[in-house]
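Trainee: First the structure, then my questions, so here it is.
The values are calculated or read from the model by the stated rules, or taken from the named source; none is laboratory data. It should be emphasised that the depicted structure is a prediction, and the values quoted were computed from it without experimental measurement. In this analysis, Cβ positions are derived from the backbone assuming ideal geometry, glycine residues included, and neighbour counts consider all displayed protein chains.
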Amino acid sequence: MEKRLKEGLEELAENPVQWGCQLAPFTSFGIGGPADALVQVESGEELNNLLNFFVDNSLAWQFIGRGSNLLVSDSGFSGVVLLFGKALSQIEILSDAKSVDIRVRVGAGCSLARLLNWCTDNSYSGLEFAVGIPGSLGGAVVMNGGAWGGEIADIIDSISVLSYHSGAEHLERSELDFRYRVWGNQGTGEKKRIVLSADICLKPGKKEDIQRECREYLAQRKVKQPKGTRNAGSFFKNPEGDSAGRLIEASGLKGKSCGGAMVSPVHANFLVNTGEATAKDVYKLMDIVIRQVKKDSGVHLFPEVHFL
Ligand SMILES: Cc1cc2nc3c(=O)[nH]c(=O)nc-3n(C[C@H](O)[C@H](O)[C@H](O)COP(=O)(O)OP(=O)(O)OC[C@H]3O[C@@H](n4cnc5c(N)ncnc54)[C@H](O)[C@@H]3O)c2cc1C
């Protein structure tokens, strides 16, 4: 990056810019090369200034949450990677009428785990389905993350977003096109919306009930999902009326490996990093799985994981 741009970025960023920052530690896969720069953003205003700077200077940028649904290439990212710091991870009660919905504003950088702990401590029910999902609230909005028949769209009231094209916007639930593991109107390029916060609706509950439900879900995850290897959760989206894991298993691919990447012997829809996997290993394995499943069952699998 040119010296002029480096100086401009350092001037705009509240936190120290991390130059040549390895991205692998920022992902659950533990895979990926360096970004030219990484900036931990602390406010909407800072983000707005940065987006303007990137567009004005034709600088590539990408946003990441907690990297739990992300495969970063071995060559890393030629541009600036943004993520949210503590100031954009706050939890604030908007209304707590006890008998009706409790509305809570949550910074997009807040982890689902922290939010769920907070809900449990306050006996607020509604987020139990998300126990064990290792992402941020912002990532869960973009992915419409879900499990056990629940999804983030069920509890969203509205969201605050920012984009270069439209600036700050507050979008009501009715304006949000949530589908299976996708928020359809996030936009791309200069219109790409970054989620700053979400207002969610919870119900008054009993702490013991919330804890019991979470324990039950976690126990099922423990049995069904691989342990001790790094991964990004379900790698492929489930095709309508079927499960990607069932199709991959039916193709005899459990345990199939490419370099350090392997189709988990525990759950076939988990591609895991057994230790030293490269992104190239995972792409190759993904390709083998897609081809074999297409050949055996005629179904084309699409990745749920995002690529950087
Ligand atoms: C062990 C394991 C289990 C999992 N189980 C589940 C599960 O049961 N259900 C499920 O749905 N998922 C599951 N996942 C996948 C993942 O945790 C979710 O998709 C999660 O919502 C991703 O959030 P993140 O913050 O990690 O997003 P990232 O992986 O960092 O990013 C994903 C995408 O969202 C974008 N993004 C992130 N934050 C923002 C933001 N604030 N504004 C705009 N764009 C943003 C990124 O640019 C990227 O395109 C699992 C993953 C693992 C490793």
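Trainee: For the structure I just gave you, tell me whether Lys294 is touching a residue at least 24 places away in the same chain (Cβ under 8 Å), basic (Lys, Arg), outside the structural domain of Gly145 (by TED's automatic domain parsing) and surrounded by fewer than 19 Cβ atoms within 10 Å (Cβ to Cβ).
Mentor: So Lys294 fails the test.
Trainee: A further question follows. Sort out for me the strands (runs of 3 or more DSSP E) sitting completely within segment 1-102 that have 2 or more residues that are within 30 Å of Pro226 (Cα to Cα).
Mentor: 18-22, 34-41, 61-63, 77-84
Trainee: Given Lys191, Lys206, Lys222, which one is under 21 Å from the mean Cα position of the chain (by Cα), more than 19 Å from Ala153 (Cα to Cα) and exposed (fewer than 12 other Cβ atoms within 10 Å of the Cβ)?
Mentor: Exactly one of Lys191, Lys206, Lys222 is under 21 Å from the mean Cα position of the chain (by Cα), more than 19 Å from Ala153 (Cα to Cα) and exposed (fewer than 12 other Cβ atoms within 10 Å of the Cβ), namely Lys222.
A quick yes/no check of all residues on (1) farther than 18 Å from Ser68 by Cα; (2) more than 10 Å from the ligand (Cβ to nearest atom); (3) in a strand (DSSP E or B):
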residue: Arg114; (1), (2), (3): no, yes, no
residue: Thr120; (1), (2), (3): yes, yes, no
residue: Phe129; (1), (2), (3): no, no, no
residue: Gly132; (1), (2), (3): no, no, no
residue: Ala140; (1), (2), (3): no, no, no
residue: Asp154; (1), (2), (3): yes, yes, no
residue: Ile159; (1), (2), (3): yes, no, yes
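Trainee: Something else: Give me the residue from segment 35-63 that is surrounded by 17 or more Cβ atoms within 10 Å (Cβ to Cβ) and of a type in the set (Asp, Glu) and, out of that set, nearest to Ala13 (Cα to Cα).
Mentor: Among them, the one singled out is Glu46.
Trainee: So the check is Cβ under 6 Å with 6+ separation or different chains; which pairs have a first residue in segment 234-245 that's free of Cβ contacts under 8 Å to residues at least 60 places away in the same chain and a second one that's assigned to a loop (DSSP other than H, G, I, E, B)?
Mentor: From residues that are free of Cβ contacts under 8 Å to residues at least 60 places away in the same chain, the pairs are Ala244/Asn238; Ala244/Asn269; Ala244/Leu301; Gly245/His267; Gly245/Ala268; Gly245/Asn269.
Trainee: Please work out which one of (1) assigned to a helix (DSSP H, G or I); (2) over 17 Å from Val305 (Cβ atoms); (3) in contact with an Asp or Glu (Cβ under 8 Å, 6 or more places away or on another chain) is the condition Lys280 fails and give its number.
Mentor: (2)
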